[in-house]
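These notes concern the structure reproduced below.
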Amino acid sequence: MYYAVCLFDVPYHIDRFFDYCTDLELAVGTIVRLPFGRQNHLRLGVVMERRERPETDPGLVKSI
């Protein structure tokens, strides 16, 4: 399952939803720790919506 996640403490120029996937069933509003960026630094985010497929290339979607 894919989820749209809004990251905490990001600069305004990347203030958008990011697609992530997981086998877990997550509710909207769940706070998650996930990898972000090229070096996969762990960041906090909140699940905003559940999606059947990602809006980006599925090969680029990281796992929660």
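From Val5, Val28, grab the single residue that is open to solvent by less than 30 Å² (accessible area, probe 1.4 Å) and either part of a strand (DSSP E or B) or out of contact with any helix residue (DSSP H, G or I) (no Cβ under 6 Å at 6 or more places or on another chain) (or both).
It is Val5.
Can you pull out the residues in the stretch 31-52 that are touching a residue at least 40 places away in the same chain (Cβ under 8 Å) and loosely packed, with under 10 Cβ neighbours inside 10 Å?
Correct list: Glu52 only.
What do you reckon, is Pro58 out of contact with any Cys (no Cβ under 7 Å at 6 or more places or on another chain) and either open to solvent by less than 50 Å² (accessible area, probe 1.4 Å) or touching a residue at least 24 places away in the same chain (Cβ under 8 Å) (or both)?
Criteria not met by Pro58.
The values are calculated or read from the model by the stated rules, or taken from the named source; none is laboratory data. All values derive from a computational prediction rather than experimental measurement. Positions of Cβ are backbone-derived with ideal geometry, glycine not excepted, and every protein chain shown enters the neighbour counts. Calculation scope for accessible area: heavy atoms of the full protein, side chains included, ligands and nucleic acids excluded. Shrake-Rupley method; radii C 1.70, N 1.55, O 1.52, S 1.80 Å.
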